[in-house]
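Throughout, read-outs are computed from the coordinates displayed, never taken from laboratory work. Keep in mind it's a predicted model, so treat the numbers as computed, not measured. Virtual Cβ from ideal backbone geometry, glycine too; neighbours counted across all protein chains shown.
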Amino acid sequence: MRGSDTAKDAGTGMTPIPAEAAMIVAHYGVAVEVAFPGGERRTVRVKRNSGHVVGDYVTVSGETLERLPRRTELRRRDARGSVRLVAANLDTLGVVLAPASPTGFADRAIIAARAADLAPFLVVNKCDLPESRQLAAMMRDTYGSSTEIFSVSAVRGDGLDDLHAFLAQGHRGAFVGSTGVGKSSLLNALIPDIDLKVGALSEYHGMGRHTTTVSTLHQVPGGGELVDTPGFREFGLVEIFPEDVVAHFPGFEDLEEGACRFHNCRHRREPGCAVMALVEEGALSAERYERYLEILQEAEAEEQSAQRRAWKNPT
Ligand SMILES: Nc1nc2c(ncn2[C@@H]2O[C@H](COP(=O)(O)OP(=O)(O)OP(=O)(O)O)[C@@H](O)[C@H]2O)c(=O)[nH]1
Ligand SMILES: [Mg+2]
């Protein structure tokens with residue numbers, strides 16, 4: 001495992017994954033399922049909170065797993081404030097939306113993905129329903145210049161060819177989204193020989209019922225890999241600081257370097273701010289600007305608590 005096998009990739013600085021490494025493809029809390037390169041699968045017991053996550057590469061000897069360094073890791077804060085790992089070693093994140101999706105989910109998920117070096121894309125599901133087609137049109141207006149947007153129907157099959165073509169570029173991604181948007185239904189539609197449990201519609205009237213409770217990774221026929229994750233309502237940001245929000249807020253990508261008078265402008269009340277000028281011209285809606293300020297404030301609070309932690313535990 002050591003020596004030339006783990007030499008850094010020329011150019012990327014990444015440690016290559018050894019050919020014999022297995023990958024965690026499901027996490028059941030006290031056990032994980034690992035898949036070996038030859039296709040063999042095994043269940044290995046792990047301690048609860050062992051820190052493993054779907055997508056991790058591991059070497060397996062008996063019942064011992066040794067985790068290899070992660071290329072990417074996506075984290076979120078849950079409703080209780082705890083940090084949760086979503087998955088490791090992804091290169092893309094599919095944010096699934098449907099008419100009942102909470103506002104703010106897509107913005108936070110996009111910022112978290114970009115800050116973790118994943119390319120986000122949006123999937124508006126249930127486009128067999130008129131309200132979902134409306135939502136897709138709204139999403140195109142707001143996010144069309146920021147990310148790819150797929151408008152699909154898991155039940156009717158609309159738009160799945162486009163998603164297949166995208167994934168076949170060799171992407172490994174996860175579907176995230178609030179409960180009931182149809183993440184598992186989409187995986188079932190994209191991968192005909194899996195049969196993930198899908199929620200009954202009636203279960204979604206009283207929020208908070210999760211049908212999927214375990215994250216699982218699947219090969220997509222034609223190319224690509226996808227992780228199904230349990231739904232959650234809020235994508236709480238972890239260690240996302242103000243500069244990350246400034247750099248990654250969807251809609252700010254086209255701001256040219258030096259557009260604002262100050263290079264470290266937070267687009268708040270600084271003189272000569274290009275974003276405030278866009279708001280005044282009506283090119284950026286007041287609603288989008290408010291959303292930006294809300295997330296910026298959250299990131300400033302996160303930065304302050306990180307500073308407090310650093311003062312308490314100086315290294
Ligand atoms: N009309 C319509 N309903 C859909 C579509 N896709 C999924 N549904 C329905 O939405 C409900 C929820 O689907 P799931 O696939 O379980 O949703 P999920 O996002 O995996 O939910 P969690 O696992 O709880 O996070 C089910 O009743 C599905 O039949 C679709 O394209 N159109
Ligand atoms: Mg599900």
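Determine the sum of side-chain charges near F175: Lys and Arg each +1, Asp and Glu each -1, restricted to other residues whose C-beta is under 9 angstrom from that of F175.
0
If R0 is 30 Å, what FRET efficiency do you get for E270 and F241 from their C-beta distance, rounded to 0.05?
That pair, E270 with F241, gives E of 0.95.
Sort by residue number and report every cysteine in the chain with no other cysteine beta carbon within a distance under 4.7 Å.
Within the chain, the cysteines lacking a partner Cβ under 4.7 Å are C127, C273.
Which listed residue (T216, H27, V86) has the Cα farthest towards the positive end of the charge dipole for the chain, taking +1 on Lys and Arg C-beta and -1 on Asp and Glu C-beta about the Cα centre?
H27
Would you mind checking the radius of gyration and Dmax of region 85-243 based on alpha-carbon positions, in Å?
Cα radius of gyration and Dmax of region 85-243 are 14.5, 44 Å respectively.
On a full-extension model of 0.36 nm per residue, what is the gain between E257 and E290, subtracting their alpha-carbon distance, rounded to one decimal in nm?
Between E257 and E290, full extension yields an extra 9.6 nm.
May I ask you to compute the full-extension gain from E148 to D193, defined as 0.36 nm times their residue separation minus their alpha-carbon distance, rounded to one decimal in nm?
13.5 nm
When N is the residue count of region 1-155, what does its C-alpha Rg come to as a fraction of 2.2 N^0.38 Å?
Taking N as the residue count of region 1-155, the ratio is 1.25.
In whole percent, what relative contact order does the chain give with Cα contacts below 8 Å and a gap of six or more residues?
14
State to the nearest 20 debye the size of the charge dipole of the chain about its Cα centre, where the only charges are +1 on K and R beta carbons and -1 on D and E beta carbons.
Using only the charged Cβ atoms, the result is roughly 1200 debye.
With N residues in region 171-303, what two-decimal value do you get for its Cα radius of gyration over 2.2 N^0.38 Å?
That ratio works out to 1.41.
For the chain, modelled as a Gaussian network with Cα springs under 10 Å, which listed residue fluctuates most, D107, D78, D254?
With Cα springs under 10 Å in the chain, the top fluctuation among D107, D78, D254 is at D254.
Can you show me the helix-derived [θ] at 222 nm for the chain, built from DSSP H runs with n ≥ 4 at -39,500 (n - 2.57) apiece and divided by the number of residues, rounded to the nearest 500.
One gets -8000 deg cm²/dmol as the mean residue ellipticity at 222 nm.
Using the per-residue mean of other Cβ atoms lying within 10 Å as a proxy for protection, in what order, highest first, do the peptides 232-238, 64-70 fall?
232-238, 64-70
Would you mind calculating the gained length between V60 and A283 on full extension (0.36 nm times residue separation, minus the Cα-Cα distance), in nm to one decimal?
In short, 74.8 nm is gained.
Would you kindly give the portion of the calculated P(r) for region 242-312 that falls above 20 Å, as a percent of all Cα pairs?
Cα-Cα pairs in region 242-312 separated by more than 20 Å: 30 percent.
Obtain the nm distance between the two label points defined at Q297 and D162 by a simple spin-label model: each point lies 7 Å from its Cα along the Cα-to-C-beta direction.
Going by the 7 Å Cα→Cβ label model, 3.5 nm.
If you take every DSSP beta bridge whose two residues both sit in the chain, what share of them, in percent to the nearest 5, is antiparallel?
60
Mind telling me which of F252, F36, F262 comes out most flexible in a GNM of the chain, alpha-carbon contacts under 10 Å?
F262
Charges only on Cβ, +1 for Lys and Arg, -1 for Asp and Glu: so what's the dipole of region 242-312 about the Cα centre, in debye to the nearest 20?
So the magnitude is around 440 debye.
Report the Cα centroid-to-centroid distance between region 51-84 and region 132-201 in angstrom, as an integer.
A separation of 25 Å, based on Cα centres.
With bins 10 Å wide starting at 0, give me the P(r) of the chain over every alpha carbon pair, in whole percents.
5, 24, 32, 25, 12, 2, 0
R0 = 45 Å: FRET efficiency of D141 with I17, Cβ-based, nearest 0.05?
So, using R0 = 45 Å, E works out to roughly 0.65.
Once R0 is set to 22 Å, what does the formula 1/(1 + (r/R0)^6) return for the Cβ-Cβ distance between T43 and T213, expressed as a FRET efficiency to the nearest 0.05?
0.85
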